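What follows is a single structure, written as structure tokens, with notes after it.
Here, each number is a calculation from the coordinates, and none is a lab measurement. Not measured: the values here are computed from a predicted model. We place every Cβ from the backbone using ideal geometry, glycine too, and count neighbours over all the protein chains shown.
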Amino acid sequence: MNYKAPRGTHDIFGANALAMSLLEQQARVIFKKHGFEEIRTPAFEDAALFMRSIGQTTDIVEKEMYIFEDRKSRKLALRPEGTASLVRAFIENRLDISMPAGRFFYIGEMFRYERPQTGRYRQFHQVGAEFLGNPSPAADAEIIILAQDLLFSVGIKEMDVRVNSLGCEKCRYLFREALVKYFCSVRDLCEDCIRRLEKNPLRVLDCKTDSHKFTGVPRISDYLCDYCKDSFNLVLSLLESAGCNYTADEKLVRGLDYYTRTVFEIRSDAVGSQDALVAGGRYDNLVGELGGQNTPAVGFALGSERVLLAARNTGFFDSFQESEKIFIAIADQELFNEAFSFAVKMIRNGSKSGKDISVFGPVNGKSLTSQLKFADKIKAVKTIVFAKTEFENGKFLVKNMKDKTQVEVLIDEL
Ligand code: AMP
């Protein structure tokens with residue numbers, strides 16, 4: 001029986017694994033600069049947490065969650081996103097008291113039963129940030145700038161930052177009514193639109209098939225209350241003064257129900273149809289709705305796989321060299337113990353020059369020829385050969401694997 005990774009999942013190895021871990025390393029550096037601290041939450045939660053927070057009528061909850069019962073019939077779900085879990089952890093652990101700065105980040109796998117294609121998987125990775133406790137539009141602007149900084153940090157320079165405001169409940173109620181009225185007057189809506197119109201009219205704006213029919217569609221900006229309008233303008237002016245190029249996009253609605261006021265997306269041309277690298281926004285009611293004290297909040301999630309696709313042509317990851325590989329070989333089997341303890345010393349102490357090295361070997365019971373072949377296979381740059389005569393004179397042979405030249409080196413020198 002040949003087993004295969006489940007559809008929509010993939011093994012990450014070699015250069016891709018290196019790139020993924022470099023992205024995460026860069027993210028940690030940027031998060032530190034912005035004062036964000038890490039939080040790790042479980043990969044599965046009570047399914048009701050996601051239903052309640054993301055929204056019953058969203059695609060994620062309707063079609064995409066991996067839900068299962070455990071052996072005690074608890075209904076659990078693999079996390080489809082990170083915000084709900086973070087808010088649950090914030091409330092449960094009273095992080096408002098122990099981590100009063102309210103700046104959190106997470107890195108981890110997410111799971112959604114979606115139709116797989118390039119940039120869209122059933123298990124994927126997100127790097128996310130959440131800023132809790134700050135109602136100021138400055139927090140929204142900082143979150144957008146932080147997301148942009150993460151992309152800059154892996155060499156992505158070309159990006160399209162889209163920002164919108166969905167208003168508060170009051171503005172949204174009026175806007176929703178106007179939308180329903182408008183869409184009811186549009187002929188031949190597709191099936192998806194008809195379904196969304198009943199359940200979540202804002203999502204009709206997302207439709208790729210019908211969008212050309214929506215001339216004269218109501219604009220959210222006409223329904224924003226004065227407070228929401230002022231906050232949005234402040235977010236935009238802060239972005240401008242920080243040198244962030246953005247487009248105010250009234251069509252941006254986002255597929256999760258918990259957003260209030262600012263929503264944003266960062267897109268890239270370099271990744272095909274799944275072009276959203278980062279998505280986020282403000283969610284001032286979620287902490288209260290999940291049973292905590294009312295706490296304003298704003299955050300985003302970045303899709304690691306898509307960011308790596310967008311970064312692949314920037315050359316950023318090529319500039320990181322793998323460490324130099326050193327192979328320890330033995331020409332005489334009786335030197336195995338000496339070679340082994342030398343390898344351990346070298347692993348612990350590193351190279352004299354301070355260069356990054358990885359040390360392999362020795363292998364016993366193999367001819368020197370086959371050891372050297374293996375050293376070639378793993379692309380060792382140098383092989384240190386323990387040979388009896390030289391060893392007795394306090395020397396090794398050091399073989400340059402590229403040009404196959406070798407020199408004798410004093411053991412003490414190495
Ligand atoms: P969301 O949690 O839906 O707001 O998505 C945030 C980001 O996660 C998106 O902009 C994508 O970069 C990434 N993302 C979402 N769904 C997937 C998926 N199925 N496969 C890969 N990346 C995804």
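Of note:
- Rounded to the nearest 20 debye, dipole of segment 190-248 from Cβ charges on Lys, Arg, Asp, Glu: 200
- Structural size metrics of segment 156-255, computed from C-alpha coordinates, are Rg and Dmax of 15.0, 44 Å.
- By the equivalent-ellipsoid construction on the alpha carbon gyration tensor, segment 308-414 comes out with semi-axes of 29, 15, 12 Å, ordered largest to smallest.
- Annotation note: GluC sites (Glu not before Pro) in segment 282-328 located in DSSP loop regions with a Cβ neighbour count of at most 11 within 10 Å are Glu322.
- Values of log10 I(q)/I(0) for segment 342-390 across q = 0.16, 0.30 Å⁻¹ run -0.51, -1.27, by the Debye formula with one identical scatterer at each alpha carbon and no solvent.
- When the alpha carbon gyration tensor of segment 198-251 is reduced to an equivalent ellipsoid, its three semi-axes come out at 26, 15, 9 angstrom, largest first.
- Ordering Phe131, Ile107, Tyr121 by the projection of their Cα atoms onto the charge dipole of segment 96-144, which places +1 on the Cβ of Lys and Arg and -1 on the Cβ of Asp and Glu, puts Tyr121 at the extreme positive end.
- Taking 1.306 mPa s as the viscosity and 10 °C as the temperature, the Stokes-Einstein diffusion coefficient of segment 78-192 based on its alpha-carbon Kirkwood radius rounds to 89 µm²/s.
- At R0 = 22 Å, FRET efficiency that the Cβ-Cβ distance of Glu37 and Arg94 yields, to 0.05: 0.90
- Packing-based ranking of 344-354, 196-206, 219-229, 8-18 yields 196-206, 219-229, 8-18, 344-354, ordered from highest to lowest mean Cβ neighbour count within 10 Å.
- Axial C-alpha extent at least 18 Å, average Kyte-Doolittle at least 1.0 - helices from the chain (DSSP): 137-153
- Extension reserve of the Asp160-Asn313 stretch, reckoned as 0.36 nm per residue once the Cα distance is removed: 53.4 nm
- By the helix-only formula, in which each DSSP H run with n ≥ 4 contributes -39500 (n - 2.57) and the sum is divided by residues, the chain has a 222 nm mean residue ellipticity of -10500 deg cm²/dmol.
- Compared with the alpha-carbon gap, the fully stretched path from Lys388 to Ser353 is longer by 9.9 nm at 0.36 nm per residue.
- Distance from the alpha carbon centroid of segment 145-193 to that of segment 1-77 works out to 24 angstrom.
- Percent of alpha-carbon pairs separated by more than 22 Å within segment 1-137: 48
- Average silhouette area of segment 176-228, convex hull of alpha-carbon atoms, in square nanometres: 3.8
- The fraction of Cα-Cα pairs per 20 angstrom bin, counted from 0 for the chain, comes to 22, 44, 22, 11, 1 percent, rounded to whole percents.
- Here Ala248 and Asp222 are evaluated by their C-beta separation; at R0 = 22 Å the FRET efficiency comes out at 0.95.
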